[in-house]
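Structure first, commentary second.
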Amino acid sequence: MSDVKLGRKQRWVNRASALSYCWAIVACMATTLVATPLLNIFDLANIVMLFLLTVVLIALRLGRGPAVIAAFLSVLLFDIFFVPPRFSLAVNDAQYLVTFAVMLGVALIIGQLTAQLRQEANAALAMEKNTRALYEMTRDLFGAMNGSQVAEIVSQFIRKRLSAPATLLLPDDAGELAALHGAGQPKTIPPPQASIAYQRGEAEIFVAASEPFPLGLCLPLKTSMRVRGILMVQFPEPMNNLAPEHRHLLDTIASLAAIAIERMHYVKVAQEALVNAESERLRNSLLSTLSHDLRTPLTVLVGLADSLTRARPPLPSRHGEAAAAIREQALRMSSLVHNLLDMARLQIGKVTLNKEWQPLQEVIGSSLKCLEAPLAQHRISVRLPPDLPLLQFDAVLIERVLVNLFENAVKYAPGGEIVIDAKHTGDVVEITVADNGQGLPTGAEETIFALFERGQHKTGVGGVGLGLAICRAIVEVHGGRIWATTNPEGGARFAFSLPVGNPPLINQELMEGAQRETS
Amino acid sequence: MSEARPLVLLVEDEPEIRRFVRAALEEDGYRTIEATMASQGLSLAASAKPALILLDLGLPDRDGVDFIGDLRSWSTAPVVVLSARSAEAQKIAALDAGADDYVTKPFAVGELLARVRAALRRRPANDNETAVFEFGDVRVDHVRRLVERAQQPVHLTPIEYHLLSFMLTHAGRVMTHRQLLKEIWGPSHVESSHYLRVYVGSLRQKLEVDPTQPRHLLTETGVGYRFQVETADPYKNDNP
């Protein structure tokens, strides 16, 4: 890191240089005054040494320019005041010309070297100071808890080192850049260049309307993943005077701020994940405990009632019927509990879909098999077109949808006809379950899908209005839609759609082979 | 002749479930021993050498799938799993670990007994594969590799034939998608289950009376397939 104070120091040096030159002249004169009484004691060669010492001291204290002046002045003063004839420029012994030349040469070289040494020492000192300041800022940044603190630290640093006001612009929830102010900063509206720099990830220069900082620089806070915000710095002077060292420093500050902002982002993400995981774990354990505690007594109830119906010798018919009824009711209760728990899982939104590509026919078959006994008194026709594509769905959940729709048909169209058909329209496949029962009450086509809503309150048919709500939740997590209509010829018609997506390619020969037998 | 009655080990932590299952098994002519924990179950399985193990998957001390894995390293006794609904992943893991079948809670006693009988019956059948297999109006001749339906030859592709004969060999037993895919297409294709579904669909087209409501090639939703020879309803026909 180079000297960031160099620019300012240079100006200061310009103003102060006249003074240092004066000091150099004064020092040479003082040396002359001090040396004059010693002329009787010391040899002239030692007087030369006194002058050389003066030049070294001047070079050390005041720098190169004054040292050069002092070198020439020392030779001049030595000639006038010490070399015989004194008080004249003339020289008696030509040897002294050599003395002058050597003295001047030595003074210049020593002065030069000393000044260089001083400059390097200063530079090293400044660099160390800089590094320390940056280190301290970095340390502060890593202690920062939020964006405002980062803004505060960064703007303070820049104000101290560059005497320029700085603002940190971070995207808000809507993605719009907004200023995060350090304490005591005037409110600023981000210039359009800020958004450009944010989008492009490159530095942008802008002209600010306000004095006394007419020019500004927008630096993107770049991290490995993305641009996290903008560091906006305003300068009191034209931009082309911005020294490369300053620009370098600003880039460093911007990347440090970017790292700090990114760290905060990840801390936030990690905390949210932790909170989510914790509440999910709690809900899951609650649900599984609940389902286990409800299922066990129901399993026992079904099992015991079932054992009674199978007793040898058979129970008297009245008791046998009672046992069968208990079994039936326990099974219904079990399916109700299962529906409730499923609904809870679906509503939490934590159902993991086990989606696989599969023919619709299979899940329709397994759903019908689930309800083999209750559907036995119904005429069932399945009308699937042979060219139906494979669909991607969770078979267990779609089976639940179909079972609920069939149960509905059994409930509201006892002994009737149930028609299942499907058609491929556009980018969805529509599956329809129609019955020839009493149909839906007018205006109830939408409300029946709401939770705990039942189509016909007065019919006395059992149910709590859970089935269709579950159907809707399942179809919606599959990206489909479910709706109900009343058949013009009577009866209810439930339909749901599933998106076709991009079915995987299947050996065509096989598909044809399978269809040949269909016709 | 109490020694002729097969011994069933019941590993289940709920005493009430143990009670009615034990009663049903004993009524059906089995001897039973019981364990409430997986660890106890494993040591009983080793010492008493039961003919069949009924295992609850939700044991307090150990995961049931681990139990099966452990058992399978030294025993071939059939395992029928008692599992919860909406726990398909668990069922699949248990079957892949070596369980033979499962029933879902709450289960009908008749269904449980039918599964137990089937699991015990098919044990020795694995060795002497029958040359001719019949179900419904279909006749499969393993020697001549011929399949006939209502005395008419049915053309099966080699893969369809392989799939059918593999399922016939394991008739009555649930085969997971993974097990079937591994057998027919090899271990590298265990994820392409849509192929399996399409082949099963075409077998149903060729062999079932109503392919939409199959009587033999049954779907175990979310788990796999089961080949059922007798079409009779196990709920009604469970008393010999």
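Brief remarks follow.
- Dividing the summed helix terms, -39500 (n - 2.57) for each DSSP H run of n ≥ 4, by the number of residues in chain A produces a 222 nm estimate of -19500 deg cm²/dmol to the nearest 500.
- Rolling a 1.4 Å probe over the protein heavy atoms of the protein assembly as shown, with every protein chain left in place, gives an accessible area that is 57 percent carbon and sulfur.
- Accessible-area ranking of B:HIS162, A:HIS246, largest first, probe 1.4 Å: B:HIS162, A:HIS246
- Once all protein chains are placed together, A:LYS129 keeps about 110 Å² accessible to a 1.4 angstrom probe.
- Here the mean projected area of the convex hull built on the C-alpha positions of the range A:339-453 is 8.2 nm².
- Pairs over the 30 Å Cα-Cα cut-off, from the set A:LYS411/B:LYS206; A:LYS369/B:LYS182; A:LYS268/A:LYS355; B:LYS182/B:LYS206; A:LYS423/B:LYS206: A:LYS411/B:LYS206; A:LYS268/A:LYS355.
- Probe 1.4 Å, all protein chains present, accessible-area order of A:HIS248, B:HIS177, largest first: A:HIS248, B:HIS177
- Ligands, DNA and RNA excluded, the heavy atoms of B:PHE20 present near 0 Å² of accessible surface to a 1.4 Å solvent probe.
- Considering only the protein assembly as shown, percent of DSSP beta bridges that pair antiparallel, nearest 5: 75 percent
- Buried solvent-accessible surface, both chains (B, A), 1.4 Å probe, Å² to nearest 100: 3900 Å²
- In chain B, the longest principal axis of the Cα atoms and the axis of helix B:109-125 are about 70 degrees apart.
- Residues in the range A:22-94 average 53 Å² of solvent-accessible surface per residue, probe 1.4 Å, ligands and nucleic acids excluded.
- Taking GluC sites (Glu not before Pro) as exposed when DSSP calls them loop and at most 13 other C-beta atoms lie within 10 angstrom, chain A has its longest site-free stretch at A:203-445.
- Three-way shape label, the range B:24-89, alpha-carbon gyration tensor, a/c 1.5: oblate
- Occluded residues from the range B:80-106, i.e. those whose accessible area drops by 10 Å² or more once the chain is not alone (1.4 Å probe): B:ALA84, B:ARG85, B:SER86, B:GLU88, B:LYS105, B:PRO106
- Angle in degrees between helix B:88-97 and the longest Cα principal axis of chain B, rounded to the nearest 10: 90 degrees
- Counting DSSP beta bridges with both ends in chain B, the antiparallel % (nearest 5): 50 percent
- The mean number of partner chain beta-carbon atoms within 10 angstrom of a residue's beta-carbon across peptide B:189-196 is 3.
- Span-rule helices in chain A, defined as complete DSSP H runs reaching 30 Å or more along the axis (Cα) with Kyte mean at least -1.0: A:6-35, A:95-143, A:244-309, A:317-348
- Its alpha carbons give the protein assembly as shown an Rg and a Dmax of 46.2, 156 Å.
- Accessible surface ranking for A:LEU256, A:LEU290, 1.4 angstrom probe, highest first: A:LEU290, A:LEU256.
The values are calculated or read from the model by the stated rules, or taken from the named source; none is laboratory data. Just so we're clear, the structure is a prediction, and the values are computed from it rather than from any experiment. A quick note on method: Cβ atoms are made from the backbone with ideal geometry, for glycine too, and the neighbour counts reach across all protein chains shown. Calculation scope for accessible area: heavy atoms of the full protein, side chains included, ligands and nucleic acids excluded. Shrake-Rupley method; radii C 1.70, N 1.55, O 1.52, S 1.80 Å.
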